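The structure under discussion appears below in the form of structure tokens.
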Amino acid sequence: MRIVRYHAFGPAEVLRVEKAEVPRPGPGDVLVRVEAVGVDQADVQRRRGEHPVSLPVLPACPSADVVGYVEEVGPGLPAARVGERVVVWKARNAYADYVTAPLHRTVPVPAGLSAGQGTVVGSTGRVALQVVDTGRLRAGESVLVHGAAGAVGHMALQIAKARGAHPVIATAGSPQKRDFARSLGADIAVDYGETDWPGQIREALGGRGVDVILDGVGGDLLHSDVRLLEPYGRLVFYGASGSPTARPTLSFLDVLGMKYVTGFSMATLLEHRPDLAESGTRRLLEAVGSGSVRPVVAAEVPLADAAHAHDLVEARTSCGRVVLVP
Ligand SMILES: NC(=O)c1ccc[n+]([C@@H]2O[C@H](COP(=O)([O-])OP(=O)(O)OC[C@H]3O[C@@H](n4cnc5c(N)ncnc54)[C@H](OP(=O)(O)O)[C@@H]3O)[C@@H](O)[C@H]2O)c1
């Protein structure tokens, strides 16, 4: 089978298509024939050697959300699972024709979704739902979603909308992305490349601040976010796609006006509150199944062209999720 690996950190060209044995499923594992693989901002940062939290041991193949068919089951699993179409969240060695994963890391693909859309139901959609939960967003509250046309962002926007947030405010870096955010339900869409973007939002809110801010972009936005929060407002910081190596700091003076600032990490949630992770997955599947939340595929790129898929993510022109197809 083919597998895409990199042997050194660097630009997208370090991604190489190599040959490997089809992996064998161990006890409790399934072997999945891959239909689509989601490409994350975190994969791109790791490939560049710039991820804010962790870098892989080289040579590396990204872990990613995968959709495919169960081709074989490992010892201890019923043969009846063969043929099921599943989403695997964060499969290891995922840029490949086949992956193995523990059965408990799979869920059925919701009816009516393409393989590419199904990948969004993996960790990406779960992160989106959990950051909305972490912000304790209530119906009628205003919410600001930064980078709202991104893979996580476009799901968080829709989940917030479905939960009755109002107004839903999106930021994005191009007119096309802001139109996309509006098409998904954003009431207000702002260019956060403009220096007075917080002022534009305050003006649209009649002078008020924002109740909940979801920030996966980070860097300098953090300070503007805290200033823009309404008293008792909540900021959830969950990623640094804008500046992975920046380490912005806050003083207690920034949060004195009853501003709540927290981070979100899927790894921490899974370790400490697997119950919340599980209920989140159930609610995400319901929301996608009912059609209130619609995953969007920005582009399908052949697996052998993984470097191009990374280029697309880095070019910041995509609306929704970029996927690889074997
Ligand atoms: N905490 C967790 O457990 C967890 C789990 C998964 C992902 N994440 C984080 O979630 C964030 C979003 O991931 P994603 O896969 O949704 O990424 P994505 O699809 O690439 O979206 C990220 C968005 O960030 C914006 N952005 C601003 N500056 C950028 C820059 N210099 N380079 C690239 N994008 C930039 C882009 O929007 P504009 O072009 O409109 O500015 C882009 O649409 C990432 O920071 C990722 O690490 C966190």
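Numbers below:
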{"item": "Proximal lysines relative to residue 259, as straight alpha-carbon distance under 30 Å, when same-chain residues fewer than 8 apart are discounted", "result": "161, 177"}
{"item": "Stretchable slack from residue 8 to residue 275, in nm (0.36 nm times residue separation minus alpha-carbon distance)", "result": "92.3 nm"}
{"item": "For region 298-315 and region 1-63, distance of Cα centres in Å", "result": "14 Å"}
{"item": "Interchain or long-range residues, amide H under 5 Å from residue 213's placed H", "result": "144, 234, 235, 236"}
{"item": "Student exercise, region 1-131 dipole from Lys, Arg, Asp, Glu Cβ charges, in Debye to nearest 20", "result": "160 debye"}
{"item": "Percent RCO, i.e. relative contact order, over the chain, from Cα pairs under 8 Å lying at least 6 residues apart", "result": "18 percent"}
{"item": "Ascending count of other beta-carbon atoms within 10 Å, so fewest first, for 171, 249", "result": "249, 171"}
{"item": "Proximal charge balance of residue 224 [Cβ under 13 Å; K/R count +1, D/E count -1]", "result": "-3"}
{"item": "By average C-beta atoms within 10 angstrom, highest first, the peptides 289-301, 50-62, 136-148", "result": "136-148, 289-301, 50-62"}
{"item": "Column: log10 I(q)/I(0), Debye, Cα scatterers of the chain, q = 0.10, 0.12 Å⁻¹", "result": "-0.56, -0.80"}
{"item": "Shape call, region 230-326: gyration tensor on alpha carbons, a/c limit 1.5", "result": "oblate"}
{"item": "Cα shape, region 179-236, gyration tensor, a/c 1.5 rule", "result": "rounded"}
{"item": "Summed side-chain charge close to residue 136 - residues other than residue 136 whose Cβ falls under 13 Å, Lys, Arg +1, Asp, Glu -1", "result": "0"}
{"item": "For region 125-269, with +1 on Lys and Arg beta carbons and -1 on Asp and Glu, the positive-most of 170, 128, 224 along the dipole", "result": "128"}
{"item": "Relative contact order of region 125-269, defined on C-alpha pairs under 8 angstrom at six or more residues apart (%)", "result": "21 percent"}
{"item": "Cα Rg, Dmax, region 125-269, angstrom units", "result": "13.6, 38"}
{"item": "Proxy reagent accessibility, fewest Cβ within 10 Å first, across 264, 9, 180", "result": "9, 264, 180"}
{"item": "Given charges at beta-carbon only (K, R positive; D, E negative), |dipole| of the chain in Debye", "result": "400 debye"}
{"item": "Modelled FRET efficiency - R0 45 Å, residue 174 with residue 82, Cβ distances, 0.05 increments", "result": "0.50"}
{"item": "Magnitude of the charge dipole, region 125-269, Cβ model with Lys/Arg +1 and Asp/Glu -1, debye to 20", "result": "380 debye"}
{"item": "Counting DSSP beta bridges with both ends in the chain, the antiparallel % (nearest 5)", "result": "55 percent"}
{"item": "Added length on full extension, which subtracts the Cα-Cα distance from 0.36 nm per residue, residue 251 to residue 104", "result": "48.7 nm"}
{"item": "Residue-averaged 222 nm ellipticity for the chain, from DSSP H runs of 4+ at -39500 (n - 2.57), nearest 500", "result": "-9000 deg cm²/dmol"}
{"item": "Ascending count of other beta-carbon atoms within 10 Å, so fewest first, for 220, 254, 40", "result": "220, 254, 40"}
{"item": "Acute angle (nearest 10 degrees) that the helix 123-134 long axis makes with the longest principal axis of the chain, alpha-carbon atoms", "result": "30 degrees"}
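Computed from the coordinates by the stated procedures, all read-outs in this text should not be read as laboratory data. From a predicted model like this one, the values you see are computed outputs, not experimental measurements. Counting neighbours? That spans all protein chains shown, and the Cβs are built from the backbone with ideal geometry, glycine included.
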